[in-house]
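Input: a single structure, listed below in structure tokens.
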Amino acid sequence: MLSNETVSSPAFLLMGFPGQEAHHAWISIPIFSMYLIAITGNCTILFIIKTDQTLHEPMYYFLSMLAMTDLGLSCVTMPTMLRVLWFNHRTIGFNTCLVQMYFIHTLSIAESGILLAMAFDRLVAIRNPLRYTTILTNKNIIKIGVGVATRGAFLTLPGGILLKRLQFGEVSVLSYSFCMHQDVLNVAHSDNKISSIYGLMVVISSMALDSVLLVFSYIMILKTVLSIASKQERLRALNTCISHICAVLTFYIPMIGLSMIHRYGKNAPPIVHILMANVYLLVPPLMNPTVYSVKTKQIRTRIVKLFQKGKS
């Protein structure tokens, strides 16, 4: 995937941390550590859910989907980022860049959809606990997972096709250590209006719509919780949502920050853009397994048992 492509195809130069090239080896240490923790954490979550029959419930099925998405994001971005930081190999072929861009945006849209599905899971569990297992059957969960993945795959595909119709210089300098749609679009030499409009439509029809539905879901959850007479029961119901709320904030806050920087921070130093993009792609895969391991008793207990078994 990372091999050089034909001379006739345009190429891109990936950016590390401008002005800090001499310190790239040191900068790579925390970044590589974040990738390592993210991959290990998400693999651990998947292993525990797969091997423990008591966790074969809708909430944990959705959590395993989230872990697979985060694992995919880490594996897609890690090779080019570490290649730039470790070996200063900045060149990436046009088609390779499009493939990486496709998977980054497909997985990001899928993660947004999974977070929405997890909100629906909590809504059903709190509002209709007696019908929880009849509404979220294994068949319906599979349909939701396939739908989320299909939506991301099909929404992202035309974006790459439209980019292939644009003209680029023989070598164009990108802003990050990986390929993202808006970044590639900015270095096009021909009119990119159609691609820009389509990219905006994708964001509105996926992440923007998901965020509105997420807010609506939590309004319904909050109304239901406040109607519960017992204070202890209210706290118990809200406690089941804390991990999910943290995952939502971890995903959407960096995404909104990156969008704001793209739109309003054109005069901001390049390092600000790079840090925001890295936070957007590095923090959710790192934080999600950490939060769920700490806040979800069932996951935490299984991890402790797993380590105890490993020591013995």
Take the alpha carbon atoms of segment 263-312, find their center, do the same for segment 66-113, and report the distance between the two centers in whole angstrom.
16 Å
What FRET efficiency, computed as 1/(1 + (r/R0)^6) with R0 = 51 Å and r the Cβ-Cβ distance, is obtained for residue 205 and residue 307, rounded to the nearest 0.05?
0.75
If you build a Gaussian network model of the chain, linking Cα atoms that sit under 10 Å apart, which residue out of 150, 51, 224 swings the most?
51
Cys residues of the chain with no disulfide-compatible partner (no other Cys Cβ under 4.7 Å) are 43, 75, 241, 246
Between residue 9 and residue 242, take the C-beta separation as r, use R0 = 45 Å, and let me know the FRET efficiency to the nearest 0.05.
0.40
Mind checking segment 254-312 for trypsin sites (Lys or Arg not before Pro) that DSSP puts in a loop (not H, G, I, E or B) and that have at most 13 other Cβ atoms within 10 Å?
266
Across 20 Å bins from 0, what is the distribution of all Cα-Cα pair distances for the chain, in whole percents?
30, 54, 15, 0
Separation between the residue 224 and residue 26 pseudo-spin-labels, each 7 Å from Cα along Cα→Cβ, expressed in nm?
5.2 nm
Could you give the length gained on full extension between residue 157 and residue 212, defined as 0.36 nm per residue of separation minus the Cα-Cα distance, in nm?
17.4 nm
Principal axis extents for segment 137-256, Cα atoms only, whole Å, descending order, please.
67, 32, 23
Just want the ordering: 180, 220, 34, 260, from fewest to most Cβ atoms lying within 10 Å of their own Cβ.
260, 220, 34, 180
Under 5 Å, built H, 5+ apart or other chain: amide partners of residue 11:
171, 172
Give me the distance in nm between label points sitting 7 Å out from Cα along the Cα-to-Cβ direction at residue 234 and residue 56, one decimal.
3.8 nm
Taking R0 as 25 Å, what's the FRET efficiency between residue 142 and residue 185 from their Cβ-Cβ distance, rounded to 0.05?
0.10
Taking segment 1-133, how much of its Cα-Cα pair set, in percent, is spaced more than 20 angstrom apart?
60 percent
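All of the numbers you see were taken from the coordinates with simple rules; none came from a lab. Since the structure is predicted, the reported quantities are computational estimates derived from the model, not experimental observations. Here the Cβ is made from the backbone with ideal geometry for all residues, glycine too, and neighbour counts use every protein chain on show.
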